[in-house]
Amino acid sequence: MNSPTILLVEDNESDIFLTTEILTDAGIESGINVVLDGEQAMDYILKRNKFIDAQTPELIVLDINLPKIDGKEILRFIKSKEQFSTIPVVMYTSSNSAADKTFCADLKADLYIVKADSVEAINNTVNLFKQIIFNSISSYSPYFEAI
């Protein structure tokens, strides 16, 4: 299988590095596009401004706490628009808040992962990304799992 196009929406440089490494370990060889805030994410998804030629992502990895437009609002937008609603969205965030998990589940996030803080958690995260990338993208099957 070719590597899917992934949109990573993350504002923290060290989290970008770690998430990119996790996605690479999960089998992604290329196709990771990074934007640094919610406004850039909306521009990318809507193919406007400097992202007019952007490839439609096959997976969106989305932080909740972002500058300009937060991840929950981006999730709400994606899942409310027919042309984007089937794109799997993984909420990958430092928030372990039950309210955030419920909010994202209600908006039909496909997966909610709290950012890894140990080697074991990183390995679990790699396995979760493998599952959604190589199972759900090829035969979209929404699910939600709070980690």
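No lab work stands behind these numbers, since they all come straight from the coordinates. Nothing here was measured: the structure is a model prediction, and the numbers come from that model. Reconstructed Cβ throughout: ideal geometry from the backbone, glycine too, with neighbour counts over all protein chains shown.
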**Request:** Starting from the Cα of LEU46, step 7 Å along the direction of its Cβ; do the same at THR102; then give the gap between the two resulting points in nm.
**Result:** 3.1
**Request:** Run the quick spin-label model on GLN131 and ASP25: label points 7 Å from Cα toward the beta carbon, then report their separation in nm to one decimal.
**Result:** 1.7
**Item:** Pairwise Lys count, the chain - Cα closer than 19 Å, eight or more residues apart or different chains
**Value:** 13
**Asked** Candidates (1) 40, 36, 31; (2) 43, 33, 25; (3) 48, 33, 32; which is the computed Cα extents along the principal axes in Å?
**Response** (1)
**Request:** Please give the calculated 222 nm ellipticity per residue for the chain, where each DSSP H segment of at least 4 residues contributes -39500 (n - 2.57) and the sum is spread over every residue; nearest 500 deg cm²/dmol?
**Result:** -11000 deg cm²/dmol
**Computed label-point distance, nm, for sites GLU120 and ARG76 using a 7 Å Cα→Cβ extension** = 3.7
